[in-house]
Structures are given as structure tokens and as C-alpha cells.
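The values are calculated or read from the model by the stated rules, or taken from the named source; none is laboratory data. This one's a predicted model, so the numbers in the text were calculated from it and none came from an experiment. Cβ placement follows ideal geometry from the backbone for every residue including glycine, while neighbour counts extend to all protein chains displayed.
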Amino acid sequence: MTAMFQSRMFESGMNETVNNDKDRFTATELAALRSDLLQGGMIDSYEAAELLQVFLMGRGYGVSPKAALDAAGRVEMAGCALPVLQFELENLALVM
């Protein structure tokens with residue numbers, strides 16, 4: 001699932017940013033992550049948390065596994081809404 005996500009990001013070549021300058025992730029990245037989460041059915045919060053961790057670590061951020069699991073639960077409860085996903089990722093991302 002992660003390799004598929006990464007290949008879609010590079011194939012798209014899009015670098016559009018979400019409205020706010022402080023946002024760390026592009027709309028394209030968020031949409032691709034959301035798609036991967038929904039494709040997996042988000043049945044297992046542990047797998048969703050792992051996907052959030054891989055997403056962030058791939059961009060040079062540190063991530064607390066417990067915090068990722070908590071965030072995955074909140075994203076799942078929100079139906080994987082993009083604003084919630086973005087908010088949770090920005091709160092999870094620890095600058096290294």
C-alpha cells in the first residue's frame with residue numbers, strides 16, 4: 001500500500017499546497033494518504049497508525065507510535081475527512 005502511495009505522488013508531479021502557509025503537506029499528498037486509508041478500510045487502527053507513521057517519517061518527521069494510534073482513531077471517527085487528517089498529521093509531526 002505504501003509503495004502504491006509513493007508512486008502516485010511522484011507520478012502526479014503536482015505540488016499544490018493547501019491554503020495556509022504553515023501547512024506542511026500538499027493537498028495531493030493528503031488526498032493520496034486519505035485514499036490509501038480508505039482503501040484499507042481503516043478496519044485496523046494499528047495499520048492506520050502505521051501508515052500515518054510511514055507517511056510522516058518519509059517526510060523527515062519523527063512520530064510517537066502511541067500518538068499515531070490515538071490520531072488514527074480520531075481520523076477514523078471523523079470518516080477520514082481531509083481537514084481532520086491534516087490537523088492530526090500536523091499535530092503528530094515532530095521536527096527532527
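Remarks
- Count of residues meeting criterion [under 18 Å from ARG24 (Cα atoms) and charged (D, E, K, R)] in region 36-90: 3
- Residues located in region 41-73, provided they are at pLDDT 95 or above and among the basic types (Lys, Arg): LYS66
- Checking GLU76 against (1) in contact with a Ser or Thr (Cβ under 8 Å, 6 or more places away or on another chain); (2) not in a helix (DSSP H, G or I), the condition it does not meet: (2)
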